[in-house]
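Notes follow the structure.
Coordinate-derived values only; no laboratory data. It should be emphasised that the depicted structure is a prediction, and the values quoted were computed from it without experimental measurement.
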């Protein structure tokens, strides 16, 4: 039962193989088993690759099964269409396009399995790339908010500098009128005279202005600080909103790119393994000597070709004979006086009818 199934997978003619030896049937069962398990590997490989795309196991398994059937059909077709002949160069030339197709299939099958085998290493590279993307994203977003924030901070510093300058000016006026009262500066007269009062009034006015300036600038500073807080919140919100996009940066293309950053030798050997599996049925058929199955298949094909060629020649002879007979018959008829007289009579009658009809039309038009 299992042998019949694998023979079916090989694409060989089971009716011819049944007439062959057990060894011949085992050979084609082995070729069919290789084709079958290659398709199974293609199913597993494509299912994993599609899972990284759709993030849905049912969808991945469904389309992976379709892909496995496609690979199975291609491999079966490739092996079944290679005919054993007595000329190895002709066989190799016939198999070259199929070998190229087998290489392409091996690449397609091996790459997703490489991703699974080196999943931990690929995840580490993806994590590093995500961290780099996160930092770059924060820097790009900061460019949208940082200039405005820096401008507001500068405004706050300017307002505080105004207060500080006014405070220094007020303190200087305070020291001036105190020194005047103590007689250590100014008029150097001890006591609170007119000059003292004048300087005291300037200080009091400056102190009042300082108080007003503090209130006004404090309000402005609070507004600027609130605006800075809002801008920081918007920045944080933008970072949070863009982070899922970065976290989702683990699709098929991203993983393949990360895989290419790993040492090439392990991936190359895995590719060679699948290439060997994929091309093994073709190579086995090329290298295997011409067996009983190939002889019987060639015999069956030659019988069909001979029968078809015979039928074509028979039909051509029938057509040629029919043409000769028709030519001979019509040549003999053409020489008969009775046929000639009869056709002449009919032609004269037809000409008379045409002349009468033409005359009637001309009379109507008068």
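Numbers at a glance
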quantity: Rounded tilt (10° steps) of 194-247 against the dominant C-alpha axis of the chain; calculated: 20 degrees
quantity: GNM flexibility winner over the chain from 25, 222, 98 (Cα, springs under 10 Å); calculated: 222
quantity: Top of 92, 234, 272 by mean-square fluctuation, Gaussian network on the chain, Cα under 10 Å; calculated: 234
quantity: Computed log₁₀ I(q)/I(0) - Debye formula, equal Cα scatterers, no solvent, region 242-341, q 0.12, 0.17 Å⁻¹; calculated: -0.79, -0.98
quantity: The chain: angle of helix 22-54 to the longest principal axis, Cα-based, in degrees nearest 10; calculated: 30 degrees
quantity: With Cα atoms, 0 to 90° folded angle of helix 88-117 axis to the chain main axis; calculated: 30 degrees
quantity: Region 250-295-region 53-132 distance, computed between alpha-carbon centres (Å); calculated: 8 Å
quantity: Helix-only CD estimate at 222 nm, as mean residue ellipticity for the chain, using -39500 (n - 2.57) per DSSP H run (n ≥ 4); calculated: -32000 deg cm²/dmol
quantity: Of 330, 174, 342, the one that fluctuates the most in a GNM where the chain has Cα springs shorter than 10 Å; calculated: 342
quantity: Label assignment, percent of Cα pairs over 35 Å apart derived from the structure, set [x] 44; [y] 31; [z] 67; calculated: [z]
